[in-house]
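To keep things clear, I will list the structure first and then write my remarks on it.
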Amino acid sequence: MEKVVTAEYLRSVFNGKRVMLTGHTGFKGSWMLQILNWLGAQVKGYALAPEKSNDLFNQIDGSNLCYSSIIADICDKQKLQTEIVRFEPHFIFHFAAQPLVRRGYEMPSYTFLVNSQGTAHVLDAMRSLVPACVGVMITTDKVYDNPERGVPFKEDDKLGGFDPYSASKATAEIVIDSYRRSFFNPKDYSNHEKAIASARAGNVIGGGDYADDRIIPDIVRAISFGETVGLRNPNSIRPWQHVLEPLGAYLLLAAKMSEDGVRYSTAYNFGPNPEDMLTVEDLTKVFIESFGAGDYKIFKEEGAPHEAKLLLLDSTRAMEHLGWKSQMDARTAIRWTAEWYADKHQTAHEKCIWQIEEYFGD
């Protein structure tokens, strides 16, 4: 596997640095916490408590990987600002979100509150920081107005969102751009010393994801109970990528921003090769084969809420600006994920660290 982002380079940037990580108890946040800890960073987490006892954060004993783990709501503006300002972070990675499309339909106003207003709260706290700071705001590939024509989206394409989750993340992008123009304008960087970027990726897979209404956790649960996996959208195409792909990209972006706070303060797509396309059914077949157990069936769900069937990203800007590109094809990402769940001999933390070392080349 070609190493696009290396442990040596990342350690030179993050070792000994103070990093604020919102959403550290979530799936992606738990992986990011382990990487940052492995790199020698001092991490302060801020998030709601894990929803389930078997969530990855609990399995890795995430609190002990943090300098400080704050269990609180991103919507509590005063609490969030106090925790960020006291910590004086060199870097902020904002992951905290309501991340599920279907839950967005069930709780639309809450989804907008967390994803849009919560992002504004983080950016407001950055305004109160005196030291220089790099902020990477994590959104999603679903921020684009998607007519499903099969053309990969570029960062300057029209934002939109059919469902509340997608729309809330598109709104977050508008919030980020507004703060970047109004308070953290790159043209005035020498005065405020704050660099802000948004990072768009999606349909991340990897070991330790137990969320509801996501394909890999659904497959794992079905296999564990000896049930047949049910696929409601077998022909949907997604830019499947292993969780280490976007996390490595976010770290690379933040590192570059710390070197040049003007050039890299913009939006970036981080997606796999658009030609490396697999449907939900393809993913399921590869996972079951790699795991060594399981079966599936296709069913039609009456009255199902709208979900996009086709979504592709153009990551040319990331390649040209950062030298970043996807290291894994979709089948490799699925195999790594299946092997993580199938391995019953190592702890969750040991499995994650093994894959982190393999990916970053330590």
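Every read-out reported here was derived from the displayed coordinates using simple, explicitly stated rules and does not represent laboratory data. Since we're looking at a predicted model, the values are computed, not measured. Note that each Cβ is placed from the backbone with ideal geometry, even for glycine, and that neighbours are counted across all protein chains shown.
Positive contributions from Lys and Arg (+1) and negative ones from Asp and Glu (-1), summed over other residues with Cβ under 12 Å from the Cβ of E88, come out at +3.
Amide hydrogen proximity for L159: with H placed 1.01 Å from N in the peptide plane, the residues at 5 or more positions away or on another chain lying under 5 Å are D145.
What distance in nm lies between label points placed 7 Å from Cα along the C-beta direction at Y105 and K158? Here the answer is 2.4 nm between the modelled labels.
Taken along the Cα-to-beta-carbon direction at a fixed 7 Å, the label points for N54 and S128 span 4.0 nm. Length available on full extension from K187 to N64: 0.36 nm per residue minus the Cα-Cα distance, which gives 40.3 nm. Counting neighbouring Cβ atoms within 10 Å and putting the fewest first, the residues K52, K194 line up as K52, K194.
Cross-linked pairs K3/K187; K77/K154; K187/K256; K154/K300; K169/K285; K52/K77: Cα-Cα separations exceed 28 Å for K3/K187; K77/K154; K154/K300; K169/K285. Please name which of L10, S68, P99 has its Cα lying farthest along the dipole of segment 1-122 towards the positive end, using unit charges on Cβ (Lys, Arg +1; Asp, Glu -1) and the Cα centre as origin. The listed residue farthest towards the positive side: L10. Please go through segment 1-88 and write out the GluC sites (Glu not before Pro) that DSSP classes as loop and that have at most 16 other C-beta atoms within 10 Å. Qualifying residues, ordered by number: E2, E51. Charge dipole (Cα centre; +1 on Lys/Arg Cβ, -1 on Asp/Glu Cβ; no other charges) of segment 79-199 amounts to roughly 140 debye.
Candidate membrane-span-like segments in the chain, meaning DSSP H helices with Cα atoms spread over at least 24 Å of their own axis and a Kyte-Doolittle mean of 1.0 or above, do not occur, with no membrane implied either way. Take the Cα of R11, go 7 Å toward its beta carbon, and the backbone nitrogen atoms of segment 321-357 under 17 Å from that spot belong to 353-357. Net charge dipole, the chain: roughly 740 debye, given to the nearest 20, about the Cα centre with Cβ charges of +1 for Lys and Arg and -1 for Asp and Glu. Neighbour counts of other Cβ atoms within 10 Å put H345, H24, H321, H121 in the fewest-to-most order H345, H321, H121, H24. Comparing I223, F270, T82 along the charge dipole axis of the chain, the residue lying farthest to the positive side is T82, per the Cβ-charge model. Looking only at chymotrypsin sites (Phe, Trp or Tyr not before Pro) in DSSP loops with at most 13 other Cβ atoms within 10 Å, what is the longest site-free stretch of the chain? So the longest stretch without any such site is 68-224. Going from the residue with the fewest nearby Cβ atoms within 10 Å to the one with the most, T337, T111 rank T111, T337.
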